[in-house]
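Structure record follows, encoded as structure tokens.
The values are calculated or read from the model by the stated rules, or taken from the named source; none is laboratory data. Worth saying up front: this structure is predicted, and the values here are computed from it rather than measured. Note: ideal-geometry Cβ built from the backbone for every residue, glycine included; neighbour counts use all protein chains shown.
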């Protein structure tokens, strides 16, 4: 991808001989927002710190606008960062915090102050230049941190769990606001999160990291509908898993499910052979509740009311459980039959044992 | 990066020369001479030496007991009771720790000494022919120690109590524990680190204590007074051996406590969270009365010092209260150049030592933070080491190391020059300033510096614009305590002073010997006022 503004090539880092990040390769287009999604310990924060120049990679390279910045110290990299704790300087005023990155370039004082005030105005904190950082609410502190990171006009913006210190009711609103602000400036942005809703809402694309490795990069829809690995399918969204064997190959596979005594059609991200043991990932909306006799028998064991739909957990005769999205109103212990919903995405087959 | 590491190594070498080298030299001297262990072996064969060591040990342990018995109940009272004036009283109660030990001793002398106010009042009230007691021997030493060292228990335990989560006691109550059981099973175990830290502080302070044994001990010799006596008798070998023995005792005590509680003496204090102060059982008037009575009792010695300082020399003989009061003594302090000189000496030497300690302590703390690893650990250890060394030990070690010109051994003749006292004060100040700097730096998360780096600030700008301003409050407090410690120093000064550089404390002693009680008191009040002002301005938080 030659249009990449931020290029990450084979970035690796180990701490105390323990690989934390292995061979991360990622291209980010100018103005794009990419979420680094993963559990704690997946290496996402290390990736961010390597991009910022706060850690030195063992191998690999980082290029910004075609320029290799791998060996450049943080202070000279032109990368803005918003820390999880915001890391505002408690001894400086709100405005002085924002002006900090503008100093040391020979700009006249008046100009620095003007630009800091403009940056504050962009995050709706005009007139707060002389206020104390400690007097601000968490949401306002986050806005100061963003204004401070953006004021020196960095080429890349990095955010580490930007919403984790905010009240839940504030998060969605703040996310929208941040998204429109980033798009208005057009700055290339990477942010780290463990929350897929956050990643899907703010990210144009999502990079999913698991145990230090990049599993998949793509749009939220790609990750949900076309997961590249069982790990991605497990991490993103809800799913039920069934064991089976491939009984015919082609554009669409047929997978024999001995415990249900049926064959279901399926797709797969990789080539699978006839007779291969697989795990089948079935999304709740890909199933439907049919009249008894019209498919494998199951008993409704639990239900959760979601408004327009209910999410049912049904226990098969084999003891396996399936999650099914259906019309509300079915009682517990009700006997049903399960079948694939026509027109929905097909189940996805992954070779078993490839990932536990 | 490389330059930074070289700087850190240079700092470590300088600190090692200042702090560790004299001690090593003293140990070498203690082991020199005939026999397998040299002077130390000779020392070990003398029963009077063992007696002094034993006395140092038990007096220090007893001081811990007395101080705890006073300080812990006070801490509980002030942490839990609510009454008017609690804040002011709390600060007043912390005051004795900031006052120079010699001033405290002097004040006790005027209050409870043979011709002290209380003694005379009792004597005339009971119609006794002689004073009802003599302020002498181990009892007097213990009283003075308890009076100044309870503050460690008071401050540390009070801080620990205020940090205690009140819901713990509530949980204990909900599980059926009464107040006593809740205190014993829940509160006390939480106070353990604070109690241990206060015990160690008290023990080390008592072990190094010099003023009280020197003025009240008489024939009751402890190690510190024994060392000075040997030195004044010109018995260098004995002084060296005694120095090594006391050093060994101090380090052994430190090792024992650290084995019990590895974190000690790293700060047991810190910021408290909000606490609920219950009204103590009984009326708030009782609490108020108790609080204020205590304050008066604790301030009485200093008030008597103030009173004596207003008595012109030769005007007060047999009366119960002095007949004439004037500012005559203070006028003499300021107008007679030979009397003004010790004040100026103490001021410039304390200032110079504090300034140097600030530069060295902050520099070493910053270098330790940047370097990390073994080098960082070494720098921190060197900064903290003088804290564990009794002042007499260090002074004698420094005197013997720096009385010979041997530049290839990094030894220079400094004894007898104006440099030796500021140098000694500097080393004694290092742990106070260094610990403030280290503790202050530890409070700054790495992301604050990282944020500054990402905003384009290089190492110098990060240090000057971000790190130093953030540690400034802690540093100011540390420097304040270091300054008043140097200003009122007696233990080191008595070993190393020259007539030209004599500090206030030495002059107090000679005024006392000349029976110029008023002048001695006036010096004491000057020290007291300067120390109290510095202490109240910079806060008691860093004192313990």
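Some observations on this one:
- Residue check for residue B:188: surrounded by 16 or more Cβ atoms within 10 Å (Cβ to Cβ) and either in contact with a helix residue (DSSP H, G or I) (Cβ under 8 Å, 6 or more places away or on another chain) or assigned to a helix (DSSP H, G or I) (or both): no
- One residue stands out among those in segment A:63-72 that are free of Cβ contacts under 8 Å to residues at least 60 places away in the same chain and more than 14 Å from every other protein chain (Cβ to nearest Cβ): the one that is nearest to the chain's Cα centre (by Cα), which is A:63.
- Residue B:441 being part of a helix (DSSP H, G or I), without any contact (Cβ under 8 Å) to a residue 40 or more places away in the chain and surrounded by fewer than 24 Cβ atoms within 10 Å (Cβ to Cβ): no
- Residue within segment A:73-82 that is at the interface with chain B (Cβ under 8 Å from one of its Cβ atoms), in contact with a strand residue (DSSP E or B) (Cβ under 8 Å, 6 or more places away or on another chain), assigned to a loop (DSSP other than H, G, I, E, B) and under 20 Å from residue A:142 (Cα atoms) present: no
- Set B:162, B:167, B:174: member being crowded, with 17+ Cβ neighbours inside 10 Å and farther than 22 Å from residue B:65 by Cβ: B:162
- Qualifying helices (runs of 4 or more DSSP H) (wholly inside segment B:453-544; at least 3 residues being assigned by TED's automatic domain parsing to the domain that holds residue B:433, more than 16 Å from residue B:103 (Cα to Cα) and over 19 Å from the mean Cα position of the chain (by Cα)): B:468-487
- In summary, residue A:74 fulfils each of the numbered conditions (1) under 21 Å from residue A:187 (Cα atoms); (2) surrounded by fewer than 17 Cβ atoms within 10 Å (Cβ to Cβ); (3) at pLDDT below 90 with the single exception of condition (2).
- Residues within segment A:185-227 that are within 30 Å of residue A:262 (Cα to Cα) and buried (at least 18 other Cβ atoms within 10 Å of the Cβ), tallied: 3
- The residues listed here are A:131, A:38, A:95; of these, the one that is touching a helix residue (DSSP H, G or I) at 6+ places or on another chain (Cβ under 6 Å), more than 12 Å from every other protein chain (Cβ to nearest Cβ), surrounded by 18 or more Cβ atoms within 10 Å (Cβ to Cβ) and farther than 16 Å from residue A:8 by Cβ is A:95.
- Whenever a residue of segment B:385-411 is in the same structural domain as residue B:223 (by TED's automatic domain parsing), it has no partner that is buried (at least 24 other Cβ atoms within 10 Å of the Cβ) lying with C-beta atoms less than 8 angstrom away and at least six residues away or across chains.
- Which numbered condition residue A:89 fails, given (1) more than 7 Å from chain B (Cβ to nearest Cβ); (2) in contact (Cβ under 8 Å) with a residue 12 or more places away in the chain: (1)
- Here residue B:384 clears all of (1) within 30 Å of residue A:105 (Cβ to Cβ); (2) away from chain A (no Cβ under 14 Å); (3) surrounded by fewer than 21 Cβ atoms within 10 Å (Cβ to Cβ) except the condition numbered (1).
- Close pairs (7 angstrom Cβ cut-off, 6 or more residues apart or separate chains): within 23 Å of residue A:182 (Cα to Cα) and in the same structural domain as residue A:157 (by TED's automatic domain parsing) in segment A:12-31, modelled with pLDDT under 90 and surrounded by fewer than 14 Cβ atoms within 10 Å (Cβ to Cβ) anywhere: A:27/A:1; A:29/A:3
- Sole residue being closer than 30 Å to residue B:28 by Cα and either under 17 Å from the mean Cα position of the chain (by Cα) or not assigned by TED's automatic domain parsing to the domain that holds residue B:240 (or both), chosen from B:52, B:94, B:98: B:52
- Members of segment A:98-121 found to be more than 8 Å from chain B (Cβ to nearest Cβ), surrounded by 17 or more Cβ atoms within 10 Å (Cβ to Cβ) and within 30 Å of the chain's Cα centre (by Cα), listed by number: A:98, A:119, A:120
- Taking segment B:370-404 as the range and being in a helix (DSSP H, G or I) and on the phi > 0 side of the Ramachandran plot as the test, only B:373 passes.
- Conditions (1) over 14 Å from residue A:241 (Cα atoms); (2) out of contact with any strand residue (DSSP E or B) (no Cβ under 7 Å at 6 or more places or on another chain): number failed by residue A:309: (2)
- Residues of segment A:155-198 that are touching a helix residue (DSSP H, G or I) at 6+ places or on another chain (Cβ under 8 Å) and over 30 Å from residue A:231 (Cβ atoms): A:167, A:170, A:181, A:185, A:187.
- The test for being under 30 Å from residue B:295 (Cβ atoms), buried (at least 21 other Cβ atoms within 10 Å of the Cβ), without any contact (Cβ under 8 Å) to a residue 60 or more places away in the chain and not assigned by TED's automatic domain parsing to the domain that holds residue B:41 does not hold for residue B:230.
- Boolean, residue B:518 is in contact (Cβ under 8 Å) with a residue 24 or more places away in the chain, touching a helix residue (DSSP H, G or I) at 6+ places or on another chain (Cβ under 8 Å) and within 27 Å of residue B:153 (Cα to Cα): no
- Scanning segment A:140-152 turns up no residue that is surrounded by fewer than 18 Cβ atoms within 10 Å (Cβ to Cβ), at pLDDT below 90 and either out of contact with any strand residue (DSSP E or B) (no Cβ under 7 Å at 6 or more places or on another chain) or more than 10 Å from chain B (Cβ to nearest Cβ) (or both).
- Checking each residue in segment B:116-158 for being within 28 Å of the chain's Cα centre (by Cα) and not in a helix (DSSP H, G or I) picks out B:116, B:134, B:135, B:136.
- Looking only at segment B:349-366, residues that are surrounded by fewer than 21 Cβ atoms within 10 Å (Cβ to Cβ) and either in contact (Cβ under 8 Å) with a residue 40 or more places away in the chain or over 23 Å from the mean Cα position of the chain (by Cα) (or both) come to 4 in all.
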